[in-house]
1. With only Lys, Arg, Asp and Glu charged, each at its Cβ (+1 for the first two, -1 for the last two), find how big the charge dipole of the chain is about the Cα centre; round to the nearest 20 debye.
2. What is region 43-193's relative contact order, in percent, from Cα pairs under 8 angstrom and six or more apart in sequence?
3. Starting from the amide H of Met162, placed 1.01 Å from N in the peptide plane, find each other amide H under 5 Å away whose residue is 5 or more places distant or on another chain.
4. How high is the relative contact order of region 192-308, in percent, with contacts defined as C-alpha pairs under 8 Å that are six or more residues apart?
5. Looking at the P(r) of region 203-308, how many percent of alpha-carbon pairs lie beyond 16 Å?
6. In cubic angstrom, how much convex hull volume per residue do the alpha carbon atoms of region 6-128 span?
7. What base-10 log of the normalised intensity I(q)/I(0) is obtained for region 111-182 from the Debye formula, alpha carbons as equal point scatterers, at q = 0.16, 0.27 Å⁻¹?
8. Evaluate the relative contact order of region 9-307 (contact order divided by residue number), counting alpha-carbon pairs under 8 angstrom at least 6 apart; express in whole percent.
Amino acid sequence: MMKLPHVSDRPFLTDAGLETWLLFQRGFDLPFFASFPLLQDAAGRAAMTEYFSGFLTLAKEQSTGFVLDTCTWRANPDWAARMGHDAVALAEINAEAVRYAMALRDGAEARDAVLINGVVGPRDDGYDPAQLMSVIEARAYHQLQVDALAQYGVDLVSAITMTNTAEAIGIANAAAQAGVPCVVSFTVETDGRLPTGQHLSEAIAETDAKSSERPVYYMINCAHPDHFRDVVGQGTWRNRISGLRANASRLSHAELDACESLDDGDPQELGALYADLKAYLPRLNVFGGCCGTDLRHVSSICQAVRAA
C-alpha cells in the first residue's frame, strides 16, 4: 500500500463539496444531506462518477496522490434510521460505498496513487451537536460503521466535520478496535474555535492524549481560511495538521444552513489563501474543499500551492 499522507513528502488532493455540488449544481434531492442513496439511482451514480472522475484526472495531471472518499458522511445509525435503514442495511450501505470507491480507483489511470478513505460523519448536525456523547458512547455508536468500512478494505477512515473532542476520540477508538488508521477533521466557527468553544490546539491535544491510538493526523474542514488563520499562527501543535478542506464562502455555519442558493466564493482567492496557509502549517500536504467548492476550487488550490 502507498504511504499515508502524514508519512509522505508527496502532496495529496481530495475532492470538494460533494453534497453541495449534487444539490445545487445537479439538482438532486438529498434527504438529510445524505449522498449515499444516490448509489442506488442510475442518474445519481453517474453524476457522482462524473464528479469524482474530474478530481482523479486532476491528481494524475498534477502527479499528486489522491484521497478518495466514500459517500458515507451520513451513513451512521441515527441518520440512516431517519431514512428507514436498520443496522443490517446500514452495514451493506457502507460496504457498497467502499465497493463503489474501489471501482472508481480501479478505473483511474493513476490507481496506484489513490487511497480509499472511509468517511465517518457526526451523529448530530455537522455544525451544532444537539447533545454530546461520552467517549464510550461515541465509540459504541460509531463502531458499526467503522467496522463495515474497515472490513471492506478502506486504507484509512476519517472523522469529518467533528464539533467536539469526545466524539472524535470515540471514533479514533473505534478505528483502533477495527485496526484501521484514523484521521480527525475538526470544524470551527468564525472565531476559529470548535462549536463547543474549545480552542483547536486544545482539541487536538486532548484527542491525542485520550485516544487509545492517536489519530495519524488532523484536518480542518467546513470553515473559511479567514476563520482560523489567526488560530494556527504559532505552536508545535500545528505539526499535527496535515490536511485542509475549507469553504470558499465566508458565511458562518448558521448562515450556510439557511442558504437557499450556493455561495461558491472565489476559486482563485481560495487558492491564494491556501498557499498563504502553507507558511502557517508546515506539515500541510492534503488539499481539498468543502461546502460550495468543486473542481475549479481544487484546481486553483493545487496551482497556487505548487507555485508557492
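1. 960
2. Value for region 43-193: 23 percent.
3. Ser185, Phe186, Thr187
4. That works out to 27 percent.
5. 58
6. Hull volume normalised by residue count: 119 Å³.
7. For region 111-182 at q = 0.16, 0.27 Å⁻¹, log10 I(q)/I(0) is -0.50, -1.19.
8. 19
Coordinate-derived values only; no laboratory data. Fair warning: this is a prediction, and the values are worked out from it, not measured in the lab. Cβ atoms come from the backbone with ideal geometry, glycine included; neighbour counts cover every protein chain shown.
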